[in-house]
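Here is the structure we will look at.
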Amino acid sequence: MDIPRINEETMYHTSKRTAVNRILVLGLLTCSLCLGWASQAGASSIRVIELGCQVTQEKDANGDELRLEIISDTGQRVTLRENGVKKQTSRTVERTLSYNKSVTFRLTEIDTVAADGIHFQDEDLGSVTVGKQGEPGRDPSFPPIQYATFKGHGSHYVVSYQVMPSPPVQLELISLRCVTTQEKDSDGDELRLHIKADNGSEPTLPKNGMKAGMTWAVGRKVSFFNQVRLHLIENDGFGIHFRDEDLGTQVIATAPVGNLQREFTGNGARYVLTYRVTRP
């Protein structure tokens with residue numbers, strides 16, 4: 001069965017309700033205070049994909065006349081009107097809104113004005129508020145499809161959506177200064193810096209022959225959503241494999257921002273990392 005798509009049309013009045021009538025009213029209310037939604041610090045976006053009907057609220061052959069409101073806490077608002085929705089059908093929405101902390105879906109079954117002028121009461125099928133919660137351990141750069149369910153007045157509707165995360169924060173690893181080596185010979189330390197951003201891969205940066213007073217200009221930039229884990233080891237992997245020495249782990253979060261420092265002091269060493277955290 002072909003899935004019918006929502007078509008945007010000019011709102012018009014009709015005195016006769018039919019099962020095949022499909023109307024979309026797209027209302028987008030903006031004000032000067034709402035300008036620049038996409039560029040707000042910490043703002044996310046929600047992609048509303050589809051509205052699916054499992055059970056209608058009306059039990060006649062005409063189906064439901066629906067109004068779906070999508071309301072962002074930035075003041076952005078989209079209203080979709082769809083008529084003649086029947087059991088086991090879906091309507092494509094494909095709308096994206098920016099928000100800070102929450103978005104609310106509100107679904108209403110509209111009882112239009114009858115030919116004799118009597119207006120029946122609209123049926124509230126429910127409201128669902130969506131925050132920024134994600135699946136534990138999931139890479140936020142690959143957001144899952146989630147579902148909001150409405151079961152008011154005997155109906156069963158499902159709205160599918162994705163929460164698109166905030167733009168990535170950037171970590172710039174500026175330099176690593178050696179105050180005290182882990183190895184006490186004249187060759188210095190053979191360093192390996194492991195970098196793991198969120199749940200991504202773990203590239204390794206090598207630096208051999210680090211001695212007290214030396215500074216390694218790392219010059220590496222990493223984009224991330226939640227955190228970056230930095231693990232510094234002294235590599236004893238020559239010939240007979242000696243045990244690598246763990247010099248410490250630091251976890252860099254999205255705050256604070258600016259030029260900052262962390263230290264690695266494991267196994268008698270002392271290294272000072274200078275880095276910068278910036279937001280778009």
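The values are calculated or read from the model by the stated rules, or taken from the named source; none is laboratory data. In this text, all values refer to a predicted model and were calculated from it rather than measured experimentally. Methodologically, a virtual Cβ is constructed for each residue, glycine included, from the backbone with ideal geometry; neighbour enumeration extends over all protein chains shown.
As for the stretch 260-270, it holds at least one residue that is among the small types (Gly, Ala, Ser), out of contact with any Cys (no Cβ under 9 Å at 6 or more places or on another chain) and farther than 24 Å from Asp198 by Cα. Only a single item in (1) part of a strand (DSSP E or B); (2) over 30 Å from Met164 (Cα atoms); (3) touching a strand residue (DSSP E or B) at 6+ places or on another chain (Cβ under 6 Å) is not met by Arg229, and it is number (2). For the stretch 221-243, the condition holds for no residue, the condition being that it is hydroxyl-bearing (Ser, Thr, Tyr) and at pLDDT 95 or above.
Quick check: anything in the stretch 240-254 touching a Phe, Trp or Tyr at 6+ places or on another chain (Cβ under 8 Å), over 30 Å from Ile46 (Cα atoms) and outside any strand (DSSP E or B)? Scanning the stretch 240-254, I find no residue that is touching a Phe, Trp or Tyr at 6+ places or on another chain (Cβ under 8 Å), over 30 Å from Ile46 (Cα atoms) and outside any strand (DSSP E or B), so the answer is no.
In the stretch 114-159, the residue that is modelled with the lowest pLDDT out of those that are part of a strand (DSSP E or B), out of contact with any His (no Cβ under 6 Å at 6 or more places or on another chain) and farther than 23 Å from Arg47 by Cβ is His119. Residues that are charged (D, E, K, R) and not in a strand (DSSP E or B) within the stretch 52-69 comprise Glu58, Lys59, Asp60, listed in sequence order.
Annotation: of all residues in the stretch 70-103 being part of a strand (DSSP E or B) and within 16 Å of the chain's Cα centre (by Cα), the one that is nearest to Val128 (Cα to Cα) is Val103. Here the stretch 192-214 is the region considered, the condition is being within 29 Å of the chain's Cα centre (by Cα) and not in a strand (DSSP E or B), and the residue that is surrounded by the most Cβ atoms within 10 Å (Cβ to Cβ) is Asp198.
Among the residues making up the stretch 263-280, a single one is in a loop (DSSP other than H, G, I, E, B) and surrounded by 22 or more Cβ atoms within 10 Å (Cβ to Cβ): Ala269.
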